[in-house]
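Engineer: I'd like to ask some things about the structure below.
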Amino acid sequence: MFKRSLLAIALVSSTLFSIQNVQAQSTEKVLNIYSARHYSTDETLYSTFTKTTGIKINRVDSDDSGILNRLKAEGAASPADLILLVDAARLASADAQGLFQPFKSKLLDDSIPANWRSAPTADGVTWTGFSTRARVVVYDKVKVKKEDVDTYEELADAKNKGKVCTRSGSHPYNMSLFSSVMEHLGEAKTEVFLKGMVDNMARAPKGGDTDQIKAVASGECGIAVSNTYYIARLMRSTNPEDKAIMEKVGVVFPNQASWGTHMNIAGGAVAKYAKNRDNAVLFMEYLASPFAQDHFANGNNEWPTVKGVKIDNAALKAMSGGDFKSETVPLATASKNLVKVQQMLDRVGYK
């Protein structure tokens with residue numbers, strides 16, 4: 001799977017960042033990472049970085065909330081240098097709590113579009129995305145018409161009453177989506193939209209995205225919302241049960257005729273009290289290399305954030321038709337709506 005990517009390793013140090021310069025500034029060849037990326041395929045990223053730079057990685061794996069709670073509890077005594085999280089809402093929340101420090105990297109500024117990063121200041125940015133995933137609609141191909149679910153707004157339309165299934169409305173993946181919807185619809189219409197989704201529920205929200213896909217395939221639901229990498233995993237699976245699931249469901253990239261499909265990120269930030277700051281920035285620049293970006297696509301079914309990187313993931317291409325319109329609202333802007341969205345969810349009873 002990674003044959004083509006491995007050929008690019010030799011180019012990493014010469015084309016995208018200067019390892020020698022950064023190492024000369026660093027007194028320690030160590031990097032302490034707190035990571036919410038619970039993907040076994042990422043092991044290749046860590047080991048290749050160490051082999052290429054000589055920098056040893058010490059890693060703590062947890063979910064996003066666990067990492068943020070740990071950072072707050074440790075305070076200035078935290079050994080963390082680099083934080084890897086898997087959602088823009090979580091990155092924005094941690095940033096608002098003062099858990100990150102700003103950094104500058106011309107390489108990242110030049111290669112990653114501004115809408116995938118925090119708002120810039122004179123001191124740089126506080127977080128940046130390295131891979132993206134679309135939040136799409138999954139539907140029962142027999143019971144639901146594609147044209148009835150080709151916008152997010154239709155999830156709240158009365159024609160879909162009793163058909164909708166989602167994970168918790170307060171889950172960060174949905175919070176990021178709803179915060180983005182608010183940028184397009186405004187506050188009042190967004191609350192009406194969320195109330196409409198609650199009225200259309202086939203059952204109370206529960207489980208993760210894969211559970212929603214399976215619920216559509218089983219007939220429990222007619223419509224669900226999922227991040228694309230969950231769908232791609234099922235598409236690439238050799239398990240007959242997974243293949244049967246994907247034969248029953250269709251996938252829609254919503255709002256192609258209007259603002260485009262919502263995209264979320266997995267990203268990184270330098271911890272507030274990082275003692276190996278240069279190594280943390282070096283690792284983030286490494287994640288923007290052709291090797292790492294290709295790895296995100298083929299290893300974990302994510303789209304690269306670096307401009308101009310092409311992918312060979314057949315599942316992603318089949319799912320999207322090869323190309324699709326994504327929204328352009330900066331994630332940092334949409335994240336400002338998180339508190340209001342949570343209040344709306346509470347008011348409309350979206351658990």
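Laboratory data are not the source of any read-out in this text; all were calculated from the coordinates shown. Keep in mind that this is a model prediction, so the values were computed, not measured. With ideal geometry, Cβ positions are generated from the backbone for all residues, glycine too; neighbour counts draw on all protein chains shown.
Engineer: List, in the order given, every pair from 143/340; 206/325; 310/351; 325/351; 161/206; 189/351 whose Cα-Cα distance in the structure shown is over 27 Å.
Structural biologist: Pairs exceeding the cut-off: 143/340; 206/325; 310/351; 325/351.
Engineer: Then there's this: Sort 45, 331, 82 so that the residue with the fewest other Cβ atoms within 10 Å of its own Cβ comes first and the one with the most comes last.
Structural biologist: Going from least to most buried by this count: 45, 82, 331.
Engineer: While we're on this one: Projected area of the stretch 44-173, taken from the Cα convex hull and averaged over every viewing direction, in nm²?
Structural biologist: That works out to 11.9 nm², a quarter of the Cα hull's surface.
Engineer: Given only helices, namely DSSP H runs of n ≥ 4 each adding -39500 (n - 2.57), what is the per-residue ellipticity at 222 nm of the chain, to the nearest 500 deg cm²/dmol?
Structural biologist: -12500 deg cm²/dmol
Engineer: Take every DSSP beta bridge with both residues inside the chain and express the antiparallel ones as a percent of the total, to the nearest 5.
Structural biologist: 65
Engineer: If you build a Gaussian network model of the chain, linking Cα atoms that sit under 10 Å apart, which residue out of 336, 189, 51 swings the most?
Structural biologist: 51
Engineer: Could you work out the percent of alpha carbon pairs in the chain separated by over 35 Å, rounded to a whole number?
Structural biologist: That tail contains 23 percent of the Cα-Cα pairs.
Engineer: Follow-up question, since we're still on this one. Starting from the Cα of residue 29, draw a straight line to each of the lysines and keep only those under 18 Å, dropping any in the same chain fewer than 8 residues away.
Structural biologist: Cα-Cα hits under 18 Å: 51, 56, 275.
Engineer: Give me log10 I(q)/I(0) at q = 0.14 Å⁻¹ for the stretch 194-351, Debye formula, one equal scatterer per alpha-carbon, no solvent.
Structural biologist: Log10 I(q)/I(0), no solvent term: -0.95.
Engineer: Please work out the C-alpha center-to-center distance from the stretch 240-284 to the stretch 149-223 and express it in whole Å.
Structural biologist: About 19 Å separates the Cα centre of the stretch 240-284 from the one of the stretch 149-223.
Engineer: Still on this model: Using alpha-carbon pairs under 8 Å, 6+ residues apart, how would you state the relative contact order of the chain in percent?
Structural biologist: After rounding, I find 29 percent.
Engineer: Taking 8 Å as the Cα distance limit and 6 or more residues as the minimum spacing, I'd like the relative contact order of the stretch 221-351 as a percentage.
Structural biologist: Once normalised by length, the contact order is 28 percent.
Engineer: Let me ask something additional. Quick one: what are the phi-derived ³J(HN,Hα) couplings along the stretch 188-193, Karplus 6.51/-1.76/1.60 with θ = phi - 60°, whole Hz, x for glycine and proline?
Structural biologist: 4, 5, 5, 5, 4, 4
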